[in-house]
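The structure appears right after this line, and notes come after that.
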Amino acid sequence: MNKWILGRCVILLLLVQFVSTTARGEPEGGAEEIGPGWVVKADLYGIYNPMGVVITTELTYNVPYRYKYDIVWSHMELGYRVAGTVTHSVYGVHLEWMPAAFFKLRANYDLQWFHGTMASLLELPSKDSPHDDDDVFDYGTEKMRIGHRVWLAPTLQLLFKGVAFVNQTDLKWYLIDSEQPYFYNWEYATVTERKDFLISSMSLLMYNFLKNRSPRSLFVGGSYEMVSQPSTSFRRQTLGGVLLTEPFVRSSRIGTLHFLVLAGVYLEETYRNDELFVVFNFGTTFDSRTMTKNERFTVNR
């Protein structure tokens, strides 16, 4: 049986987003020329411990109110998003504000529709319900339900002579239409209350070995992650190494390709200790806001 899982996708999205903004620098033609437009993403993830494979697609329409790469008041934008996997769909809206080049704040709301297939929403009777890889797919209680997710994401990002540091903290609130008091949270591979709060933080320190070949990039470095869910006393700390690259120039036919490998060890985890994990990601991004008129014509044709 294929095991579709969303664990660690948040980490991967953070890494890819960082390369697509801070590391790339100001777009050709001037950043202030960026207007409203569509961003299309498609990604394949492979995960070991917990085991999983997931394919995601995402369509976002961004409306910038200001978009400039200066040291103060860099940009603000409103975005509308539709994303999906085999197990569930997401309809969301976000507001992102970057008051300075080194800091941004993003507020998100997502309406989640769980399809009721492939263990998309597992309702659990207690926080101590078994939820190893085999247990999760043996429950057989997946439901077609609606859920709500709200989160606030402050991010610190610095880039100096090829050395990059980024830290993102996610404050998340969940409300799931569930008959049971708990559900299996695929996003963090843990048990969460139907009304719950969770905090996670990810820090990265990397060096770009292709800093003189922009927009190509090859980031190599280390990562540290912390996750805490007070309601169930769940806690996680990981330490790892990361390789992230955009090896090719953007193409109107295949977009901007990115590859990522993240491997490390669980320093502390309620359900795992001193165990290894590996995450692999391959994907592409089409951003109509940074395409020329000829490129947009080619894609549309």
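The values are calculated or read from the model by the stated rules, or taken from the named source; none is laboratory data. Keep in mind the model is a prediction, meaning the values are calculated, not measured. Here the Cβ is made from the backbone with ideal geometry for all residues, glycine too, and neighbour counts use every protein chain on show.
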Does R236 fit the bill of being in a loop (DSSP other than H, G, I, E, B) and either more than 19 Å from the chain's Cα centre (by Cα) or crowded, with 19+ Cβ neighbours inside 10 Å (or both)? no
In region 257-274, the residues that are farther than 10 Å from T238 by Cβ, part of a loop (DSSP other than H, G, I, E, B) and touching a residue at least 24 places away in the same chain (Cβ under 8 Å): T270, Y271
Candidates R253, R216, R235, filtered to the one that is charged (D, E, K, R), touching a residue at least 24 places away in the same chain (Cβ under 8 Å) and closer than 21 Å to W38 by Cα: R253
N108 fails exactly one of (1) in a loop (DSSP other than H, G, I, E, B); (2) modelled with pLDDT of 85 or more, namely (1)
